Every structure is written in C-alpha cells, then in structure tokens.
Ligand code: NAD
Ligand code: ZN
C-alpha cells in the first residue's frame, strides 16, 4: 500500500516512525476522519436523504433539542442506524495493535477520541471519549442515565431499537436524549482532565482525522507543543496548522498500518 504513495510521503512516514521509536509517552487524538473509511460520514460531509437540508451543527445543540426534540431524536436514531453495522478499519486496528504491544516497546499510549462511535473499542483499544457515546442515553432534565435502548457491547444491530418516537424519563418525565456533548456544552470533567494531563506530559502528540476546529479538543495539540512535544498530523487534507512537525497527508487507514509496521510493531 505504501508503495502507491509519493516518495516524499514515504520518507515522512519513515521519519515519523524513527521519531516515535525513541519516544515513550504518546498522546493520540482521533476525529471523525478515522471512521470515514469505515463508512461513517464526518460532520463536514454533506448529509444525505431526509437530512440533506440540515447541517449537523444545527442539530447537535441543546437549543435544537429544546426547540424540536423529535427532530433531533429522529436524527440521532437515523445516525445510530447508519453507524450500527460499521466495523473498524485498518487505522483503528493498527492503533489497537500498537496499544496492545506498547509494553514491549516500553511506551505509554493515551488514545483520546472526539468520536461518539465505538469503533476503537471494537478494534480492542482503550479509549477516552471526549464527546460522549452514541450508544448511551440520559434524561435531558434530571441527567439520570437511561438504560434501555442501549447497544450492548458488540451487540448486533437488529437488537437495537431505532424507533423515532420520543421517550421520557421514568423519574421526572423529561425527554430522553443521547449522551453526547453537543456544541456549546461542557466536556465530561474526568475525561477532559485525563486528556489534558496526557497532552501536557507527552513526548509526541498525534492528531488523526480531525479538522482541529472544535475546541477545547483542538487545544490539546497546542498544550502538547507548549510543553515541548513533537506534533504529527495524519489527514489527507492537512489543517492549516503551524504547530505540526510532521505531516502525513493521506488516509489514516493507509498511513497508520505502515507507520506501526515501520516501528517494528506489526
Ligand atoms: P470533522 O468532520 O470536522 O473533520 C474530519 C477531518 O477528517 C477532516 O479534516 C478531514 O480532512 C479528515 N479526514 C477525512 N477522511 C480521512 C481519512 N480517511 N483519514 C484521515 N483523515 C480524514 O471532524 P472532527 O474534527 O472529529 O470534529 C467534529 C465533531 O464531529 C466532533 O466533535 C465529533 O464528536 C463529531 N463527529 C463524530 C463522528 C463519529 O463518531 N464517527 C462522526 C461525525 C462527527
Ligand atoms: Zn429525568
């Protein structure tokens, strides 16, 4: 696969592998781009079907849910249906293998994701979710987790209820919503603290498939750089980001398996 890449890019993958072999604390941040090759559209892709006249930014907000809970719930049920059958791609698998073998390489990897899918977990990774989990629900009023409609881990899609009818909380009668951090909401405290610690104390920060536009997650690379880390970006359309030391401008599913192989892990 690597042979299909331009020689300048191959040289950059080798440079990244050489750097990583000498470093121990690695912090990785993934975004929607890592799941794109599994067939999950990113937020910036145009929506399809019934939803093509809406932008994701207009639906994933607390205001949108207060204004029209049925619309937002239906959209999430549709997204759940879209994501349920999707499987990890070679990028998720390579990261899981690296994480699994990190004791052998004497490295400590912290994997942080902005994604709400569970493809990292399906691949076998330990991952910190900064923006919530598509397969969990909670009450929009009393915040108590709502335990039906859950996707059991690695459950099959036919066990999930994709009904678009709104459901209400058994404690307070508030509407049930997905347990996802919407635009304008705060990140979960424990997860954010862990992510900040990992970014501030890493030797290398790797940003994978994220447009680096959504804060505070986008600030983690800055924090890492400020504390002396090298920054690697993997994205076929690199962001205009002056922090980056090594840019690997191709799909994550192509670059990550090769990077991990060049480090001697696969
Ligand atoms: P984004 O949509 O803003 O950016 C995606 C980035 O991925 C772009 O820079 C694009 O160039 C890049 N990309 C596309 N294909 C790629 C590939 N094959 N390999 C590597 N990079 C690729 O997504 P974001 O930065 O994650 O931020 C937006 C928000 O969207 C996040 O808060 C996230 O919670 C949410 N979101 C999550 C999912 C998911 O869970 N799968 C999907 C859509 C959006
Ligand atoms: Zn409630």
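Where a number appears in this text, it was derived from the coordinates with a stated rule and is not lab data. Values in this document were obtained by computation on a predicted structure and should not be read as measured data. Glycine also receives a Cβ, built like all others from the backbone with ideal geometry; neighbour counts cover every protein chain displayed.
Stretched out straight at 0.36 nm per residue, the stretch from residue 261 to residue 222 would grow longer than its current Cα-Cα span by 11.3 nm. Against the main long axis of the alpha-carbon atoms of the chain, helix 90-100 sits at an angle near 70°.
In terms of the mean number of neighbouring beta-carbon atoms within 10 Å, the peptides 224-235, 247-258 order highest first as 247-258, 224-235. On the principal axes of its alpha carbon atoms, the chain extends 56, 36, 34 Å, with the longest extent given first.
Note on segment 1-78: along the principal axes its Cα atoms extend 52, 31, 17 Å, ordered by decreasing extent. Annotation: the residues 190, 108, sorted from fewest to most other C-beta atoms within 10 Å of their own C-beta, follow the order 190, 108.
For the chain, the 222 nm mean residue ellipticity estimated from helices alone, with every DSSP H stretch of n ≥ 4 adding -39500 (n - 2.57) and the total spread over all residues, rounds to -10000 deg cm²/dmol. The modelled label-to-label distance for the pair residue 190/residue 86, using points 7 Å beyond Cα in the direction of Cβ, is 2.6 nm. Cβ crowding within 10 Å, taken as a proxy for footprinting-reagent exposure, orders 92, 193, 131 from fewest neighbours to most as 193, 131, 92. With respect to the chain, whose longest principal axis is taken over its alpha-carbon atoms, helix 252-262 is tilted by about 40°.
The label point for residue 171 and the one for residue 141, both projected 7 Å from the Cα toward the Cβ, are 1.2 nm apart. For segment 61-139, a/c is not less than 1.5, where a ≥ b ≥ c are the root eigenvalues of the C-alpha gyration tensor, and a/b tops b/c. That puts it in the prolate class. Across segment 1-148 the C-alpha pair distances fall into 5 Å bins from zero in the proportions 2, 8, 14, 18, 17, 15, 10, 7, 6, 4, 1, 0 percent. Residues of segment 68-99 with an amide N closer than 11 Å to a point placed 7 Å from the Cα of residue 162 along the Cα-to-Cβ direction: 77-86.
Against the chain, whose longest principal axis is taken from its Cα atoms, helix 69-84 shows a tilt of about 40°.
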